[in-house]
Amino acid sequence: MTQQHAHLPPCARRRESAVRASRLPQVLILLVVASTASSRVSAQLAPVREFCTVNRPVPITISVPAAVAPPLIAPPLVAPQPATTAPVPAPSGLSEPTDAPTKLATPDEPVQTAEPGTPPQPTAGGEPQPTRTPPPPPARIEIEVILAATGEVIDRSTAAAGESDLARLFPRLWQSDDKRALLAQLRIDGKRIGAPLIMTPMFSPPPYAPRLDRAGFPMFPPPNAARAAPTFSGYRVSPMRLLVLDTTKGELRFALRSDLAPNTVYHFSHLVSGGMYTDTEFHKIASLAAASSPDFVQTGDPTGTGLGGAGFLIDLEDSTLRHEFGVISMARASDPNSASSQFFISLGGSAAATLDGKYAAFGQLVSGADVLRAIAASPVGPDNRPLVPPRIVSAKLVDAPPLGDGPPPARDPLGQRPKR
């Protein structure tokens with residue numbers, strides 16, 4: 001017994017214990033509600049399969065977390081009172097107070113006394129019953145179809161949670177002659193939720209550059225060349241992802257541009273997912289014009305020599321993404337179709353602009369400009385190899401934010417290229 005209880009009369013101690021016990025169920029209810037709310041999962045749009053061929057379904061799954069049951073609200077519990085017997089006459093002419101109701105106890109029914117002002121509560125079997133608040137209205141689920149190149153919303157349809165078919169919701173996927181990259185974005189109650197799906201058209205054969213011209217530009221067929229139009233075979237559907245490089249200098253994040261270089265992003269993403277870039281050096285930091293400031297940093301070679309690769313090559317893709325600060329691009333040899341796993345990150349400037357149209361740029365830095373500058377500032381030897389090479393510790397892909405919520409391409413806040 002505590003010192004505080006030692007000074008309380010027995011009847012007061014019983015009342016305090018009963019009131020304290022009556023509060024316990026309410027505390028438990030609050031804990032259950034908090035635990036349920038913290039377990040909610042974000043809504044998302046996911047493809048059932050990656051390759052959706054022409055004039056066939058484009059199956060997707062709309063995952064919307066089930067509405068959490070409204071919290072149970074327990075009424076105040078009446079503190080049990082000790083059983084009383086018939087009143088005993090007060091001695092010496094003193095009267096008993098009559099403002100508190102009393103009840104004679106029976107052998108199997110203890111007497112309970114309600115606090116003054118407490119409204120009666122519904123009971124079942126003698127236990128107070130919780131009340132339930134009305135359920136919230138159902139969420140309004142929509143899907144937007146957006147031109148990836150411009151961000152323009154070109155169609156919108158209501159949908160329901162579970163499996164659905166984008167081709168049924170949007171017949172234009174097969175009926176329209178405009179076969180550009182599209183985005184499908186989930187909306188819940190008017191708010192964009194989750195990573196959008198990128199739908200890139202599959203054309204066979206894709207544009208091919210067999211060689212370079214005298215200026216070093218790949219010789220893709222001109223748009224008006226007399227040749228058969230490529231065959232549209234359907235869409236490749238996947239969630240939009242961000243590339244995250246955890247380096248010894250910090251983290252770099254890139255938005256991958258499947259709308260501008262879909263085949264390059266597809267190839268690169270599989271290398272990332274397969275662990276190609278784990279523990280890989282930045283083996284080259286160089287200037288394109290023998291200047292004191294570098295124009296790019298290069299990595300992706302598992303040997304760290306500049307001669308290694310993934311064991312296979314991909315064809316050059318005709319990307320229109322310019323080599324500005326933070327743009328990521330595939331490295332290659334003099335053969336335009338010799339890219340494998342090595343890539344470089346542009347540091348911008350007039351020298352880097354000479355790479356536009358010659359290399360397949362496929363992503364933009366959205367976070368980590370200071371980290372990129374730190375990598376580029378590493379001291380190098382005569383062969384442009386860093387004396388202590390920075391490294392990619394790990395590389396991974398993460399879901400992109402909803403369209404419009406992501407950060408813009410990173411820019412050098414100092415307005416200048418890093419110096420070594």
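For segment 327-372, what size does the Cα cloud have along each of its three principal axes, sorted from largest down, in whole Å?
Cα extents, longest axis first: 33, 24, 13 Å.
Please work out the FRET efficiency for the pair residue 211 and residue 191, using the Cβ-Cβ distance as r and a Förster radius of 45 Å; give the result to the nearest 0.05.
0.35
Tell me, what are the semi-axes, in whole angstrom and largest first, of the equivalent ellipsoid of segment 156-262 as set by the roots of 5 times the Cα gyration tensor eigenvalues?
Working from the Cα gyration tensor, I get semi-axes of 32, 25, 9 Å.
Using +1 at the C-beta of Lys and Arg and -1 at the C-beta of Asp and Glu, which of 294, 276, 353 has the Cα lying farthest in the positive direction of the dipole of segment 241-420?
Of the options given, the answer is 294.
What order do you get for 249-257, 357-365 when each peptide is scored by the mean count of other beta carbon atoms within 10 Å, highest first?
Top to bottom by mean Cβ count within 10 Å: 357-365, 249-257.
Rounding to the nearest 20 debye, state how big the charge dipole of segment 241-420 is about its Cα centre with +1 on each Lys and Arg Cβ and -1 on each Asp and Glu Cβ. It would help to have the intermediate numbers written out before the result.
On the way: 16 positive and 18 negative charges, 94 e Å.
Approximately 460 debye in magnitude.
Taking Cα atoms of segment 241-420, Rg/Rh with Kirkwood Rh, to two decimals?
Details: Rg = 14.8 Å, Rh = 16.0 Å.
Ratio value, two decimals: 0.92.
What's the local net charge at residue 59, with K and R +1, D and E -1, over the other residues with C-beta under 15 Å away?
Here the charged neighbours net out to +1.
Could you state the number of Å between the C-alpha centres of segment 195-272 and segment 346-391?
A separation of 21 Å, based on Cα centres.
Between residue 42 and residue 231, what is the FRET efficiency for a Förster distance of 30 Å, r being their Cβ-Cβ separation, to the nearest 0.05?
With a Förster radius of 30 Å, E is 0.20.
If I take R0 = 35 Å and measure r between the Cβ atoms of residue 219 and residue 411 in this structure, what FRET efficiency does the formula 1/(1 + (r/R0)^6) give, to the nearest 0.05? Kindly include the intermediate steps, with their values, before the conclusion.
Working: r = 33 Å, r/R0 = 0.95.
Working from the Cβ atoms, E equals 0.60.
Averaging over all projection directions, find the projected area of the Cα convex hull of segment 194-329 and quote it in nm² with one decimal place.
Working: hull surface 44.4 nm².
If I average the Cα hull's projected area over directions, I get 11.1 nm².
Farthest toward the dipole's positive end in segment 241-420, which of 303, 375, 339, given Cβ charges of +1 (Lys, Arg) and -1 (Asp, Glu) about the Cα centre?
The residue sitting most towards the positive pole is 375.
Could you calculate the contour length gain from residue 147 to residue 279, that is, 0.36 nm times the residue separation minus the distance between their Cα atoms, to one decimal place in nm?
The span from residue 147 to residue 279 would gain 43.8 nm if fully extended.
A short reminder: the numbers here are calculations on the coordinates, not readings from a lab. Quick caveat: nothing in here was measured; it's all calculated off a predicted structure. Note that we place each Cβ from the backbone using ideal geometry, even for glycine, and neighbour counts take in every protein chain shown.
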